[in-house]
Amino acid sequence: LLLPSDSAGVRLRKNFHANLAWVRDQPADASLLLFLYYSATHEKSYRALYSKILTAVRVRYTELIYAGIREGEFKTDLEPEEVAELIHEVVLG
């Protein structure tokens, strides 16, 4: 869905919409992922996998925020990593 000509803001919106479409189209997979997130809070065996997923997602968002700042599309007083964390929390609900 992403095009080389897309701005960081467009890429971020497309990522968000793709996540929503995935939840709509693959509810069982989405439920499994949410179960993993929940289980990682109290089951040590799930924490490593959860940590890898969490890191990958937040790195992707952080890269988009840095790109948006470079492109002049985003301005923030927060560190891009903090913005990425906030976006991820919103996406997860």
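The values are calculated or read from the model by the stated rules, or taken from the named source; none is laboratory data. Computed from a prediction, not measured in an experiment: that's the story for all the values here. Please note: Cβ atoms are built from the backbone with ideal geometry, for glycine as well, and neighbour counts cover all protein chains shown. Just the protein is used for accessible areas: all its heavy atoms, side chains included, with ligands, DNA and RNA removed. Shrake-Rupley method; radii C 1.70, N 1.55, O 1.52, S 1.80 Å.
What to note about this one:
- A search for C-beta distances below 7 Å between a residue of region 68-93 that is more than 18 Å from HIS17 (Cβ to Cβ) and without any contact (Cβ under 8 Å) to a residue 24 or more places away in the chain and any residue that is open to solvent by 70 Å² or more (accessible area, probe 1.4 Å) and of a type in the set (Phe, Trp, Tyr), counting only pairs 6+ apart in sequence or on different chains, returns PRO80/TYR66.
- Within region 27-83, the residues that satisfy the criterion of being β-branched (Val, Ile, Thr) and under 18 Å from LYS14 (Cβ atoms) are VAL57, VAL59, THR62, ILE65, VAL83.
- GLU63 vs. criteria within 20 Å of LEU1 (Cβ to Cβ), of a type outside the set (A, V, I, L, M, F, W, C) and in contact with a Gly (Cβ under 9 Å, 6 or more places away or on another chain): no
- Among the residues of region 25-37, the one identified as under 19 Å from GLU85 (Cα atoms) and either at pLDDT 90 or above or polar (S, T, N, Q) (or both) is LEU36.
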